[in-house]
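Novice: The structure follows.
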Amino acid sequence: MRSRFPVLRSRRRYMAFELETEGPGGPIQPKDLMGEIASSQFSLFGDEGASRNRIKLIAFNGRYGLIRFSHVLIPQTRATLAAVHSIRGIRVAIHSKGISGTIKSATEKYLPRLSKLSAESDGRRIELKDVSGCIIRTQGVKVDLCPDDRDKSVGSDTRYLGLTSFDLSGGHEDADGTADGL
């Protein structure tokens with residue numbers, strides 16, 4: 001089957017959310033959560049509304065999750081999640097953290113704790129006099145850092161600092177001050 005050209009595909013949005021549970025009852029399974037979301041959507045908007053939105057659970061770890069839906073049905077999707085009140089007899093509340101156009105930006109903007117925890121488990125940290133924090137991602141000489149002091153990323157729409165290995169090491173011994181760093 002051939003894939004569609006990007007201009008012919010339906011536009012999507014990604015919503016990061018947090019699931020709060022009340023009382024004991026074990027972890028909520030992704031299958032159970034998606035079943036309740038689908039049930040809520042069908043009861044609120046019927047078959048036609050549910051088929052237009054096409055909500056899909058992308059990721060869920062028991063507390064935080066990410067869903068995909070149609071870009072024109074943001075209010076309906078928020079209403080669908082707000083209408084979910086119990087899963088397998090356990091009272092729950094779903095709180096929307098934010099909406100983005102890509103999975104990467106939704107994760108970086110609204111679910112930074114998950115990335116920070118995975119980086120801490122790797123044990124990769126930076127401790128300098130100006131900045132300290134966990135290394136989230138490295139690519140070549142580029143380093144993305146989740147700072148311990150949140151004021152370092154004020155004014156940015158992400159919660160990470162973009163550094164290079166030259167920033168961390170204080171430059172390169174062969175650097176002559178040109179724009180390319182050589």
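The values are calculated or read from the model by the stated rules, or taken from the named source; none is laboratory data. Owing to the predicted nature of the structure, the values given are computational and were not obtained by experimental measurement. Heads up, the Cβs are rebuilt from the backbone with ideal geometry, glycines too, and the neighbour counts pull from every protein chain shown.
Novice: Out of all the residues in segment 32-43, which are touching a helix residue (DSSP H, G or I) at 6+ places or on another chain (Cβ under 6 Å) and either assigned to a strand (DSSP E or B) or touching a residue at least 12 places away in the same chain (Cβ under 8 Å) (or both)? So that I can check it myself, show each step before the final result.
Specialist: Our first condition is that a residue be touching a helix residue (DSSP H, G or I) at 6+ places or on another chain (Cβ under 6 Å); within segment 32-43, this holds for 40-42.
Answer for segment 32-43, where residues must be touching a helix residue (DSSP H, G or I) at 6+ places or on another chain (Cβ under 6 Å) and either assigned to a strand (DSSP E or B) or touching a residue at least 12 places away in the same chain (Cβ under 8 Å) (or both): Ser40, Gln41.
Novice: A further question follows. So, in segment 34-62, how many residues would count as being out of contact with any strand residue (DSSP E or B) (no Cβ under 6 Å at 6 or more places or on another chain) and within 11 Å of Phe17 (Cβ to Cβ)?
Specialist: Start the filter on segment 34-62 by keeping residues that are out of contact with any strand residue (DSSP E or B) (no Cβ under 6 Å at 6 or more places or on another chain), which leaves 35, 37-52, 54, 60-62.
Now narrow it down to the ones that are within 11 Å of Phe17 (Cβ to Cβ): 37, 60.
The number of residues fulfilling the criteria is 2.
Novice: Let me ask another. Among Ile28, Ile99, which is the only one that is assigned to a loop (DSSP other than H, G, I, E, B) and in contact with a strand residue (DSSP E or B) (Cβ under 6 Å, 6 or more places away or on another chain)?
Specialist: Values: Ile99 fails: assigned to a loop (DSSP other than H, G, I, E, B).
Criteria check complete, one pass: Ile28.
Novice: Exactly one condition in (1) surrounded by fewer than 11 Cβ atoms within 10 Å (Cβ to Cβ); (2) assigned by TED's automatic domain parsing to the domain that holds Gln76 is not met by Phe5; state its number.
Specialist: Condition (2) is where Phe5 drops out.
Novice: Moving on to the next point. Only one of these is of a type in the set (S, T, N, Q), at pLDDT 75 or above and either surrounded by 15 or more Cβ atoms within 10 Å (Cβ to Cβ) or within 19 Å of the chain's Cα centre (by Cα) (or both): Ser115, Ser121, Ser70, Ser86. Name it.
Specialist: Numbers: Ser115 fails: at pLDDT 75 or above; Ser121 fails: at pLDDT 75 or above; Ser86 fails: either surrounded by 15 or more Cβ atoms within 10 Å (Cβ to Cβ) or within 19 Å of the chain's Cα centre (by Cα) (or both).
It is Ser70.
Novice: Something else: Going through segment 8-43 one residue at a time, which ones are surrounded by fewer than 13 Cβ atoms within 10 Å (Cβ to Cβ), small (Gly, Ala, Ser) and closer than 16 Å to Gly62 by Cα?
Specialist: Selection gives Gly23, Gly26.
Here is a yes/no grid of residues against (1) part of a helix (DSSP H, G or I); (2) under 18 Å from Ile99 (Cβ atoms); (3) free of Cβ contacts under 8 Å to residues at least 40 places away in the same chain:
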{"residue": "Ser3", "(1), (2), (3)": "no, no, yes"}
{"residue": "Glu20", "(1), (2), (3)": "no, no, no"}
{"residue": "Asp47", "(1), (2), (3)": "yes, no, yes"}
{"residue": "Ala50", "(1), (2), (3)": "yes, no, yes"}
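Novice: Just checking, how many residues over segment 89-112 are modelled with pLDDT under 90 and of a type in the set (Ser, Thr, Tyr)?
Specialist: Looking only at that region, the number is 3.
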